[in-house]
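The values are calculated or read from the model by the stated rules, or taken from the named source; none is laboratory data. These figures come from a predicted structure and were not determined experimentally. Cβ: placed from backbone, ideal geometry, glycine included. Neighbour counts: every protein chain shown. When the accessible area is computed, the model is the full protein with side chains, heavy atoms only, and any ligands, DNA or RNA have been set aside. Shrake-Rupley method; radii C 1.70, N 1.55, O 1.52, S 1.80 Å.
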Number of protein chains: 2
Amino acid sequence: MKYIKSNFHVEDVNLQKLAKKFDTPFYCYSYEKLKKNIINFKYHFRKLNPLICFAIKSNSNLSIIKEIKKLGLGADVVSKGELAQALKAGINPKQIVFSGVGKSHLELKYAIEKKILLINSESKSEVFEIEKIAKLKKKIVNIGIRLNPNTDAKTLSKISTGKKGDKFGVNEKIFIELVNYIKKSKYINLKCLSVHIGSQIFENKPYEKMLKVINRIVSKIKYEFEYIDLGGGIGIPYQNEKKIFNYNNYQKSIIKYLGKYNSKIIFEPGRSIVGNAGILVSKIIYIKESQSKNFIILDAGMNDFMRPALYGAKHKIIPVNKKNKSSNKIYEFVGPICESTDKFLSIKKFQKLNENELIIICDVGAYGSSLSSNYNLRSKPAEILIKNSRIIIAKKRQKLRDFI
Amino acid sequence: MKYIKSNFHVEDVNLQKLAKKFDTPFYCYSYEKLKKNIINFKYHFRKLNPLICFAIKSNSNLSIIKEIKKLGLGADVVSKGELAQALKAGINPKQIVFSGVGKSHLELKYAIEKKILLINSESKSEVFEIEKIAKLKKKIVNIGIRLNPNTDAKTLSKISTGKKGDKFGVNEKIFIELVNYIKKSKYINLKCLSVHIGSQIFENKPYEKMLKVINRIVSKIKYEFEYIDLGGGIGIPYQNEKKIFNYNNYQKSIIKYLGKYNSKIIFEPGRSIVGNAGILVSKIIYIKESQSKNFIILDAGMNDFMRPALYGAKHKIIPVNKKNKSSNKIYEFVGPICESTDKFLSIKKFQKLNENELIIICDVGAYGSSLSSNYNLRSKPAEILIKNSRIIIAKKRQKLRDFI
């Protein structure tokens, strides 16, 4: 993704031309970027030879998941729908882990039938429920237990998941109780210890704390876990921050604290795989001038892209066609939804914009389309994948008759 | 909606039995409550004989809109989809107003073709766009202009819409410019001044300020508006607050400030019509005990009901079957979604709960199903309308194959 002669291109496709063909707003993904992210992720952890399970919740588009599968990743799923989608994309059940605090009876049954690698359980009750189903089906089911390491990920409170007060996982005491319980069970086989401490993590410290907790517990209980699932959470820069996660230090810490255990490491990355591989292309419907600022009213709204409204997330906005003239006013980029929440970003000294011009909301590959809705009875946008200059319609724009 | 012998009923339908039939989670609406709200709303403003346009964005379920239509209301729409839905429900185009800051060219064309009562424009550019289309189609189009009265609604900043810094409407100067411009236009006819200052308003003060501004401007420009559209925004209590909006004072103020103008008043209520007419019924999948609190893990998540995650809204939670035993622990009601945001409410001294029991999230008729999504590839819930003990499936639960 780059400008060629002032015109933004995804791989070698001119975005202005693409927008004429597909109408706005639409998501556009770069296969090159996706591939690069996966290669990099593998390279960063090459000494661990981990199983990398893509977190489907971050992007559940079938075409995207198919590409991710071809690039060698498994899947981390959190619902029957996500598991079905992963299987539909051709992912081997033996590379699928099922996470989540509220797996229903039907979801557990489905997962057991599909013989996936692991069901990572998050509570006593869930373990008992799995055992009950396994007994009925006369099967031995492989599970993990999610430990809540009581580690503050120092991240946005809305996306922290590994503190004592969070709903996720079980504490050390219950973890040990469950290990002992499962040892005696005929129907469940404990293969994995799993953790996941949050999202958008840039520091090594929280991970190191988490690894220390795992090390302490595993060495204490002397149980051989075939897998240790470290979850995801590695951050990506959304603004111009210089934040870069130090993968090398993380790998070193993992080897330092867990190397001796001979457990296969599992990662569940989402954002770091697909986040910067997607953009949202939108047209300026109206510009509303006022003395202090101009409202740039886009045809993309919070129903298309929820992160700014939901998390206060700030995503870079750039023009599709670069010009030299810049404006002295503040530009406030907003959507057409009848709500103040429907606001993307305020920018000073943006280039001078006109109505009908196109802009790009950056880094929306993760938690973009997957969080979209039909609020205000608006269609969900199209999703386009660019792969080696081929234009693939990864998802058609919804028609009104599809949902009203 | 009430308990009969400890069992919650919607009209005379036992909710426990209903849940067996439809599986959880599902939305359930009471026709009686809807009807009562509409009758009350009309009664409160009986001296004004207003046109009441239901804000479709608050609940866009076709069956619900049909009932609202039969009870005599028009519609306030904010997109082509909502306009199509209102027409599908049988609402007379002459009782439909079209609001919103970002109406696209296609949406305006559609609205003009359907000959709706008013397009309430929110910017200079939009007025010019309407004129252009009207000219092409050789039609005279009736419009309103939305004035931003620069009135602080003293409400949650996320749902304020009438302050200077908000994206909505035009300021006084531009309003007057537009009135003068439209006077000379052959293709647009200015029929309405519209305002809308926000949501969840309980005080009369902000409305009174708004009315003063309207009065000042209308008397200054001496333009006869056939309609004055006062928008919506009247609050409903979500917790046990004693807040009750004083309709009588509002009506008095409207007569005091606008009575002399002979303009028909339009209201655009949403929440006050449908908010307390809907509940979300959910089953407890697991209970996770910890020392200080118990997590009550529901089968309803933020994808089903977004307001707590999006606005920090607190909706009452009550049991379907009342019992006498209460718990000393804090119960934290959370959803199954893999996110800390997926949390509904913390309650002390709730009755003792068990897994598989049913609970009710209250007052979700407005901005409930309309904001639902397929996040985590979860199906949107069913919507059931109870009307005179008849059980009407207002919307079937989505099947996985409908969206993956």
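Look at B:Arg397 and say whether it is more than 29 Å from B:Ser292 (Cα to Cα), within 9 Å of chain A (Cβ to nearest Cβ) and touching a residue at least 24 places away in the same chain (Cβ under 8 Å). In short, no. Hey, any hits in segment B:38-55 for a residue that's of a type outside the set (A, V, I, L, M, F, W, C) and within 14 Å of chain A (Cβ to nearest Cβ)? No; the residues of segment B:38-55 include none that is of a type outside the set (A, V, I, L, M, F, W, C) and within 14 Å of chain A (Cβ to nearest Cβ). If the condition is being touching a residue at least 24 places away in the same chain (Cβ under 8 Å) and either open to solvent by 40 Å² or more (accessible area, probe 1.4 Å) or within 16 Å of B:Cys53 (Cβ to Cβ) (or both), then segment B:85-102 contributes B:Gln85, B:Ala86, B:Leu87, B:Lys88, B:Ala89, B:Gly90, B:Ile91, B:Pro93, B:Gln95, B:Ile96, B:Val97, B:Ser99. The lone criterion from (1) at pLDDT 95 or above; (2) open to solvent by 10 Å² or more (accessible area, probe 1.4 Å) left unmet by A:Ser340 is number (1).
The residues on offer are B:Lys57, B:Lys47, and the sole one that is more than 14 Å from B:Val274 (Cα to Cα) and open to solvent by 10 Å² or more (accessible area, probe 1.4 Å) is B:Lys47. For the criterion of being buried (at least 21 other Cβ atoms within 10 Å of the Cβ) and over 17 Å from the mean Cα position of the chain (by Cα), B:Leu117 passes. Quick one: would you say A:Asn215 is closer than 17 Å to A:Asn40 by Cβ and either in a helix (DSSP H, G or I) or in contact with a Lys or Arg (Cβ under 7 Å, 6 or more places away or on another chain) (or both)? So A:Asn215 fails the test. Screening B:Gly232, B:Gly275 for residues that are open to solvent by less than 50 Å² (accessible area, probe 1.4 Å), in a loop (DSSP other than H, G, I, E, B), of a type outside the set (A, V, I, L, M) and in contact (Cβ under 8 Å) with a residue 24 or more places away in the chain leaves exactly one candidate, B:Gly232.
The set of residues from segment A:129-151 being buried (at least 22 other Cβ atoms within 10 Å of the Cβ) and at pLDDT below 95 comprises A:Asn148, A:Pro149, A:Thr151.
Each residue in segment A:251-268 was checked for being in contact (Cβ under 8 Å) with a residue 24 or more places away in the chain, open to solvent by less than 80 Å² (accessible area, probe 1.4 Å) and part of a helix (DSSP H, G or I), and 7 of them qualify. Here segment B:186-211 is the region considered, the condition is being assigned to a helix (DSSP H, G or I) and of a type outside the set (A, V, I, L, M, F, W, C), and the residue that is surrounded by the most Cβ atoms within 10 Å (Cβ to Cβ) is B:Tyr207.
The residue list B:Lys349, B:Lys329 contains one member that is away from every other protein chain (no Cβ under 14 Å), at pLDDT below 95, over 20 Å from the mean Cα position of the chain (by Cα) and surrounded by fewer than 21 Cβ atoms within 10 Å (Cβ to Cβ), which is B:Lys349.
Inclusion of A:Leu71 among residues that are open to solvent by less than 40 Å² (accessible area, probe 1.4 Å), modelled with pLDDT of 95 or more and farther than 24 Å from A:Val364 by Cβ is not warranted.
Taking the criterion of being of a type in the set (Ser, Thr, Tyr), open to solvent by 20 Å² or more (accessible area, probe 1.4 Å) and facing chain A (nearest Cβ under 10 Å), the residues of segment B:352-394 that qualify are B:Tyr367, B:Ser379. Against the criterion of being in contact with a Cys (Cβ under 7 Å, 6 or more places away or on another chain) and modelled with pLDDT of 95 or more, A:Leu62 does not qualify.
Total residues in segment A:299-316 satisfying the condition of being more than 11 Å from every other protein chain (Cβ to nearest Cβ) and open to solvent by 10 Å² or more (accessible area, probe 1.4 Å): the figure is 5.
Checking each residue in segment B:232-268 for being closer than 20 Å to B:Cys53 by Cα and touching a Phe, Trp or Tyr at 6+ places or on another chain (Cβ under 6 Å) picks out B:Ile234, B:Gly235, B:Phe245, B:Tyr250, B:Gln251, B:Ser263, B:Lys264, B:Ile266.
Against the test of being out of contact with any Leu (no Cβ under 9 Å at 6 or more places or on another chain) and at pLDDT 95 or above, the options B:Ser292, B:Ser272, B:Ser282, B:Ser253 yield a single qualifying residue, B:Ser272. Looking only at residues in segment A:3-40 that are of a type in the set (D, E, K, R) and within 25 Å of the chain's Cα centre (by Cα), the one that is surrounded by the most Cβ atoms within 10 Å (Cβ to Cβ) is A:Lys33.
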